[in-house]
Amino acid sequence: MKKIFKILIPLLLLGAIAYQYRDILITRFFPLAPCTKPISYALGTFDAKFGISEKYFLNALLEAEAIWEKPFGRELFTYVPEDLSSDVLKINLIHDYRQEATNKLTDLGIVVQNNRASYDMLKIKFTELKAEFAAAKDNYDARVENYNDRLEAYEKLVQYWNARGGAPKKEYDELQAEKSVLDAQASGLKALEAQINEMITEINSMVVVLNRLANTLNLSVEKYNTVGASRGESFEEGVYFVEGSKREIDIYEFSSREKLVRVLAHELGHALDLDHVDDPKAIMYRLNQGDTEKLTNADLEALNAHCGVK
């Protein structure tokens, strides 16, 4: 009997451990076929600077889900309100210089698509603005030099008369008149500086997008440089990455709800382990340049090969 207990107790302990970790063991030794179990996802970082609500973003995610689930005929993704497991796919909305650049161009009435025509159009506008900026900067520098010379002469005269107990009325009136001129010059320079700074912001926004387009379109062109503070070089609307058990989607930029849904659908496709396809209109094309929210034949073939869609 003691021998039976010696054998039974370890078996019971092993059984309890196996039950506790059954999901991990099943996944490890009896992996499910692809797309058999829905991918659970939760909302991670959510930056309010985009000016949209969490509800708006989650509704866009539901639309992105449906793009894949409708032809598949069953659930591929499921939203969980809270991150209860490290296995949950985190989806983050991150606002940085990429969205700032897109917003600035939108404010200027410039709509950029991921194609060569948009690149050429933006390059022309960039060249024109860069020339305007150079002329404005030269004018500003000349006016600053003139202001500094007059200010130095004024301050010397003030010091001169102060050392003598004050200026006679005529000289005093002249100094007051010069001070008024200097104040007007300083105000004008401040306004001009604001205009130049706005030009710098517009130029840098164009640089960010031009370099992004050149990179994604594989154009053999020189990289554009920003004016003033440097900005990041990479530009991706979204990215899916895996690090051990950690899986996340980062969304950085979108110009409309349609583009947001497409970039979400694209990254969800990567979460399904789908690669890029060659059809420029496809959800899984490497650029977000299509204008429909439905799978192309290339997308369906990739889904069929991975998930077994008929």
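Readers should treat all values here as calculations from the given coordinates under stated rules, not as data from a laboratory. Source: prediction; values computed, not measured. In this analysis, Cβ positions are derived from the backbone assuming ideal geometry, glycine residues included, and neighbour counts consider all displayed protein chains.
Okay, here's what the table says:
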| quantity | calculated |
| --- | --- |
| Contact order normalised by residue count of segment 112-216, Cα under 8 Å, 6+ apart, percent | 54 |
| Burial ranking of peptide ranges 56-64, 140-148 (average Cβ count within 10 Å, highest at the top) | 56-64, 140-148 |
| For ASN92, residues with placed amide H under 5 Å, excluding near neighbours | GLY44, ILE249, ASP250, ILE251 |
| Histogram of C-alpha separations across segment 111-269, 5 Å bin width, % | 1, 7, 12, 12, 11, 9, 8, 7, 6, 6, 5, 4, 4, 3, 2, 1, 0 |
| 20 Å Cα cut-off, lysine pairs counted over segment 31-155 (separation 8 or more, or different chains) | 9 |
